Structures are given as structure tokens and as C-alpha cells.
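Taking it in order: structure first as C-alpha cells, then the write-up.
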Amino acid sequence: MTKRSRIRELLLDLQDPHHVARFQEMCGVRGSFSRSPGAGAELDQTRTHNNGSIAGESETKNSVVNEGGEGEKPTSQTRQRIGASTTTTTTTTTSKGENENPSTNGTVLPNAAGERVAAGGVNPHSLAWSSTVKPLRKNSLTGDAGHEFRIENRFLYYLFTFGTELGNEFFYITFFPFLMWNVDAFVGRRVVMVWVWVMYLGQCTKDLIGWQRPSSPPVVKVEMFYNSEYSMPSTHAMSGTALPFSLFYLTYGRWEYPFPIGLGLALVWTVLVCVSRIYMGMHSILDVVVGFLYTVLILLVFLPALDAVDSFNLTYRYAPLIIVSLHLGLGLFSFTLDTWSTSRGDTAQILGTGAGMALASHVNHCLGLLPDPTPDQLPFPVTPLSAGLLGLMLVRLVLGVLVLLATRALMKKVTIALVCPLVGVSSEDVREARQHMGVELPYRYIVYGMVGFNVIFLVPLLFSHTQLS
């Protein structure tokens, strides 16, 4: 066997969904399939399936979920990614119309010996302390809520749920503002720059490669939200690598803390996010490994250039025009890689946020607001937390988030009212209108561009006038 053949065989092995299923089983995740995990390769191909759900069932839901979790009606532009990632449930119906083999996750059935056994062959007595749950959020594209599964290790379930949330939208909209307002605005704006580039490259690479999620069975879909999007590389793994290590890179020497603690926290953060994606059934081992290595490569190239890019954004006269044009152009390019989906909107949202924050940084620099500390003020000591300091940080976070929510609500109404007539799309059904690239791209870009702008400009200005800075 040649070296190339061995490498190819290794890569195929790392992509095998049975490794994911075995890891889930080790962690106490129990799904109930009508066929054994080993039969995954012999799935009936007479029916068409979508990632993690039967396509026919998904289509009857007739809805697509947007970033807020609300249903959207699918149009002819909506992508349906059909392929390797499938779920099969076999049910035999008797002449009386009753199901002979109900295989819903968590169901307890009698076996041949007359004993009651949970679907999947697990004795229910061993599951007395476990929980039967469903995925936390519906599929973002099909609206599929997924199937129930059984959790036998609640600690790992909550641990990896927390780990996967470190790469989701709710974490971003709280973490970045908190970092800007309560820790270090200089570090915060640079971390956002890294995050934007890493996430953009990851999303585009996914669409270029076009690999499906791990098939189910044998994998249990603990999460469904991103199940219809492509799999390679894992952008959760990319974000979970880029954020902690860029934070470590930017804060060590600027803040006084021991090197082993900073490095250790970055490693724990990365490992937790990466492993959580396998636990959730969203990625193969190969997806996660490639996501990690891809991010390391991006950081090696981008981090040394961070000073020059940040200085350009702050000081160059025509930086605002270039920032807007570049981010908008990147959004247009990403929309040509695949048909409409929520991931395209997410890409525009990321680019808009990055552009808004870069513009606000330029405005602050020109107006002399929020100046960066001088070198003689560094390094900063780590301030001990007190009740008063924690209270002040909480007030800043709550007040600032309220301003951001108001900004988003206002800009959504204004943008839809302006964009829809320009592109010739009816604004009566906003959800359907946003399925058009000409609406969705400027909608996400403008709305979240203003949100990003206010994170760095309006909210800190408000803090300075209310004695909260």
C-alpha cells in the first residue's frame, strides 16, 4: 500500500460516522433506531432523505426557521441538501392500522422473552435515572424538530451543550459586547476582526467542499439547528480555536497573568467546543480536526498582520469606504457559492457586524473617543472582583444589550421598507422576501452593521454620559 493510499484510508476512517456513534454511546447518548448502528451502510434507498430527517416529512412542515427561530415558508430558491446524512425509521403497520414496530426514541418495547426493553435493546431499569429529551432547537432550514433520544449521563450532556453554545449566536451577542464594555475594547475589536475572517473563510470553504453531516443512523442527532448545512470544516471548531487563542495572543503581556493559566484556559475552551460537536452528532472527527488545523493556519497568517490592519482601519482617510466595499463584496461572493440558505444570511450577518465595528473604531479614533492606552500604562493588573464591580459590569451589560436590541428592531423595519421596493420584491411577507439574495444580503448587512457600530460607538458614549464608563 502506497503512502497516498494509507493517507486516504486514514481520512476516510476519520470521516466514518460509526466513530461518532460509538463516542456518543460512550458518553451515554442512546438513540432508538429500527436497525442496528452496524446496518447504517444498508439503509433503504427507496426513499429520499434530508440531513437527519425524512425529506417527505420535513416538507410537510412547510417552514424554514430564521435566525430568530421563527418559521419561514420555503420557496423554489431554498436549498435542500440531500445525500449522505440520513435518518431511517421503519414501522410495520398491521391490518388494524396499528404500528407493529414503533421505533420512536425513548419507547419501551417487549422483547422475545417477554421482558420490557427500551428501543435499541437497553433495559429500562438501567435507564431509571436517565432523561428522554429532544434537540433544543429546530432545524434552521427544514423546521424539523428531530427525534427524542435518551441521555444517561446528564453531566456530559450539560457540559457539551455548554461547549457547543460557545460557538452559537447567543454567546457572540453577549461575549463580544461584554469584552468591549467591561474588559478591554482594544482587545475586543481585534478579536472580532479575527473572528470575522475565520468564520467567513470557514463558511465559504463549507460551500466549496459540500460534504454532508454524519448520517443518522448510526449517529444520534443531539442538535438539529445546523443539520441542513454542510459539514466540512467545522466552523464551531474554527471559532472555538480562533477566539481563545487570539485572546491569549492579544492579552498575554498586556494583562498580568501566568502563561500556563492563559494557555491552559485556551486549550480547555478549544477542546470543549471541538469535542462537543462530535457529541452532538453534527460533525465527524475529520471535520473537527480539519477545522482546528485550518484555523491554526489562518491565525499564523493573520495574527502577525493584525497591527497593520487595525492601524489602517483607524487612521487611513478612506478606510470607511474600503471597509464597507470589502465586506459587501465578500458577502456578494459568498452568496454565489450556493443557493439560498440561513448560512448565507449568517455570513452576511458576520460581515456586517465586522464592518460596523471597524467603522465605529475609525470614528472613535477621529473624534478622540475611547483612546487606546499608552505603552507606559501596560501591563494591566488583574483587578480583584468585588460586589460593586460585578454590579457595575452587570448594569453596563444589561443597559448596552437593551440599546442593541432597540437598534436591531428599528433597523429591521427601516431596512425592509427601503430594500424591498428597490429590488422589486413585495414586503407584505417579510419572511418570503428575505429568501431573495437582493433582500437578505443588504438586510443582514445593514441591520447588524448598525448593531456592530453601536457596540463600539453609541453604547460607550452613553456610558460616558451616565457615569458608567
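The values are calculated or read from the model by the stated rules, or taken from the named source; none is laboratory data. Being a predicted model, the structure only gives us computed values, none of them experimental. Note that each Cβ is placed from the backbone with ideal geometry, even for glycine, and that neighbours are counted across all protein chains shown.
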Per the filter on the stretch 360-386, residues in a helix (DSSP H, G or I) and more than 21 Å from residue 318 (Cβ to Cβ) are 375, 376, 377
When the stretch 205-239 is checked residue by residue, the ones that are assigned to a helix (DSSP H, G or I), modelled with pLDDT of 85 or more and more than 18 Å from residue 23 (Cα to Cα) are 205, 206, 235, 236, 238, 239
Of 411, 450, 437, the only residue that is in contact (Cβ under 8 Å) with a residue 12 or more places away in the chain, touching a strand residue (DSSP E or B) at 6+ places or on another chain (Cβ under 7 Å) and not small (Gly, Ala, Ser) is 437
Flagged in the stretch 371-408 as within 18 Å of residue 451 (Cβ to Cβ) and modelled with pLDDT under 85, in numbering order, are none
Of the listed residues (262, 253), the one being over 22 Å from residue 448 (Cβ atoms) and either surrounded by 18 or more Cβ atoms within 10 Å (Cβ to Cβ) or under 19 Å from the mean Cα position of the chain (by Cα) (or both) is 262
Practice problem: Would you confirm whether any residue within the stretch 405-416 is farther than 30 Å from residue 429 by Cβ, basic (Lys, Arg) and surrounded by 11 or more Cβ atoms within 10 Å (Cβ to Cβ)? | Solution: no
Checked the stretch 427-469 for anything assigned to a helix (DSSP H, G or I) and charged (D, E, K, R); matches are 431, 432, 440, 444
Out of (1) touching a Gly at 6+ places or on another chain (Cβ under 9 Å); (2) closer than 16 Å to residue 448 by Cα; (3) free of Cβ contacts under 8 Å to residues at least 24 places away in the same chain, the one residue 424 does not meet is (2)
query = Is there a residue being in contact with a strand residue (DSSP E or B) (Cβ under 8 Å, 6 or more places away or on another chain) and among the aliphatic types (A, V, I, L, M) anywhere in the stretch 207-222?
reply = yes
Of the listed residues (382, 395), the one being among the β-branched types (Val, Ile, Thr), surrounded by fewer than 17 Cβ atoms within 10 Å (Cβ to Cβ), touching a residue at least 12 places away in the same chain (Cβ under 8 Å) and closer than 28 Å to residue 241 by Cα is 382
- Task: Examine the stretch 322-330 for a residue that is modelled with pLDDT of 90 or more and closer than 22 Å to residue 179 by Cβ, and state whether such a residue exists.
- Result: yes
Going through the stretch 240-264 in order, the residues found to be assigned to a helix (DSSP H, G or I) and either touching an Asp or Glu at 6+ places or on another chain (Cβ under 8 Å) or farther than 23 Å from residue 373 by Cα (or both) are 240, 241, 242, 251, 260, 261, 263, 264
